[in-house]
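The structure under discussion appears below in the form of structure tokens.
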Amino acid sequence: MSLRSGIMLAELARSVRDGRVAPVDLVEESLRRIAAAADLNAVVRVEADSAIAAAQAHDRQGALAGIPVLVKDLSRAAGSVTTNGSRLYADADPDDVDDITVARLRAAGAIVVGRTNSPEFGHTLFTHNELHGTTVNPWNHAYSPGGSSGGSAAALIAGLAPMATTSDGGGSVRIPAAACGLLGMKPTMGVVGRNHLPRWIEFSTQGATGRSVGDVLLELQIIAGPAPGDWTSVPVGTARLDPEPPQRVLACRTFRRDVDPTVEAAYERSLDALAGDGFTIERVDSPSSPVDAGSWFVAATAELAQSLADRRDEWDLLDGTTRELVEFGATVTVAQYLEAQRSRHALGARIDELVGDDAVLALPTLNVQGWAPTGPAPWAAGSVTDDPTIAANTPEINASGHPAASIPMGLGDDGVPMGLQIVAPRFRDGLALGVAASLERVQPWPTVAPGYSPFPVAAD
């Protein structure tokens, strides 16, 4: 098989359907790359036998015909063990069902080749756990690829597979996308149904992460749709996913008290690039306040603690940072939880009023340039040195339910990527992708980290 690189998912699948590429060759290539990049620790479980068997029996049909896919270790995949990055589930039995997004990817022709690392229960923004260890950033191994979808993002930007699943309960699609130089999209809450409730019930959704707008759009189109029992899910077609330009780009410097000067400079360059491409830029104040980040934290920790209440006598097996969160969450009262929900409603209303039907909010995904692979998250940015929430501008958008994308916007001082977050009106997800499409054209980003190569396809 003669190979060339840099091919989008749709073309790769077309090559399989046309008979130019064999699914087994793609699976074997992915397995080879995973083994060669073991030092990243992005992939923590390999399903070689089942993947090769599925490739050999593949009918070469589907929008993702023969595409190897890695599944984040928080999602169920039939025949594979979901550990949630936790010693609590180290000896769990293999799953007997797929989460609905995995089922939809398989139905479209994708082949599961393994599992990607995640912090325990996806609880933080660096990808480390005591069961599987630490994932490092392919751009610079001294930095984290972010979390909680850090294993998937690292695998994608290192070319280990052409597709990897990601999910987002507080920024877990957007943070790793920013840190790894990828496009990551958290859709409007409800666009992607859940047949298994996540631990953060109304915050978490599956998203899509990829090297290009085309790849992310294709994944979203496949995984979108309602799920039985998910009261948040909406019918296919409710959200407009196709990229389209917004009428205005509302520039918000940060949701926090300050931002790193290097990040801010990249942010301003991206705004200039958008203005040069014809977008109207307006400066606005933040619709968020410290209360909103705190409300997300109260509700999220309470829901995580409740989801693990049946294992309360085993909490000493949890990682230290996870244990701190669940122990705090267990102290949250009903009144505090409901107050957080009311705060969340008010935040959503403010963002709705700000963006209307046709504008987007633009701000850095992260206010900092990065952090160590084992954490902790930074407490400082710019002139601020004492803010534990300062690293990311993401959890408010999980609380509000709006769609948001992180788009690459250059490299920081140590060669680690940075991201521009675009928040769109509910069910106008395509407005965020429209901004991404503009920057992909006028400010193109690398599709692979230095020293790695994009996943290939057979030459014509």
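Just so it is clear, none of the values below were taken in a lab; they were calculated from the coordinates. Note that the structure is predicted; figures quoted are calculated from it, not measured. Heads up, the Cβs are rebuilt from the backbone with ideal geometry, glycines too, and the neighbour counts pull from every protein chain shown.
At-a-glance table
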quantity: Estimated [θ] at 222 nm from DSSP helical runs (n ≥ 4, -39500 (n - 2.57)) normalised by residues in the chain, nearest 500; calculated: -10000 deg cm²/dmol
quantity: Cβ-based exposure ranking for 72, 186, in which fewest neighbours within 10 Å come first; calculated: 72, 186
quantity: Compactness of the stretch 134-200 as Cα Rg over 2.2 N^0.38 Å, two decimals; calculated: 1.13
quantity: For the chain, radius of gyration divided by Kirkwood radius, i.e. Rg to Rh on alpha-carbons; calculated: 0.94
quantity: Neighbour-count order for 152, 453, 118, fewest beta carbons within 10 angstrom listed first; calculated: 453, 118, 152
quantity: Dipole-positive endmost among 23, 204, 356 within the stretch 3-458 (Cβ charges, Cα centre); calculated: 23
quantity: Given charges at beta-carbon only (K, R positive; D, E negative), |dipole| of the stretch 308-419 in Debye; calculated: 160
quantity: Surrounding net charge for residue 129, when Lys and Arg each add one and Asp and Glu each subtract one, Cβ distance under 10 Å; calculated: -3
quantity: At least 24 Å along the helix axis (C-alpha) and Kyte average at least -0.5, DSSP helices within the chain; calculated: 290-307, 334-355
quantity: Residue 353-residue 20 FRET efficiency (beta carbon distance; Förster radius 60 Å; 0.05 resolution); calculated: 0.70
quantity: Amide H contacts under 5 Å for residue 192, placed H, 5+ residues apart; calculated: 225
quantity: Sorted by Cβ density within 10 Å, fewest first, the residues 217, 308; calculated: 308, 217
quantity: For the chain, size of Cβ-based charge dipole, Lys and Arg +1, Asp and Glu -1, in debye; calculated: 700
